[in-house]
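The values are calculated or read from the model by the stated rules, or taken from the named source; none is laboratory data. Keep in mind the model is a prediction, meaning the values are calculated, not measured. Here the Cβ positions follow ideal geometry from the backbone for every residue, glycine too, while neighbour counts run over all protein chains shown.
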Amino acid sequence: MSRSSKVVLGLSVLLTAATVTGVHLKQQWDQQRLRDGVIRDIERQNRKKENIRLLREQIILTEQLEAERQKILLEQGSKDT
């Protein structure tokens with residue numbers, strides 16, 4: 001085999017190995033990104049549930065405060081008359 005054909009064969013093998021390795025690493029990276037995406041989605045859903053729970057608590061507390069204010073205003077109004 002001539003020297004140039006050995007060089008071409010060596011480069012072809014090297015390029016093929018690099019391509020296979022690159023594709024393998026890209027697949028692993030993509031799979032990890034997908035897993036991370038699922039975890040982020042679950043965390044986002046949990047934060048949303050917690051925010052909704054806090055909002056409901058705030059609504060209840062606001063309604064209680066408004067009821068107490070109304071009660072105080074009615075008591076003050078009855079004292080004035």
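Worth a mention:
- Some residue of segment 67-77 being among the β-branched types (Val, Ile, Thr), surrounded by 10 or more Cβ atoms within 10 Å (Cβ to Cβ) and at pLDDT below 95: yes
- Only one of the numbered conditions (1) exposed (fewer than 10 other Cβ atoms within 10 Å of the Cβ); (2) at pLDDT 95 or above is not met by ILE42, and that is (1).
- The listed residues are SER12, SER5, and the only one of them that is on the phi < 0 side of the Ramachandran plot and surrounded by fewer than 10 Cβ atoms within 10 Å (Cβ to Cβ) turns out to be SER5.
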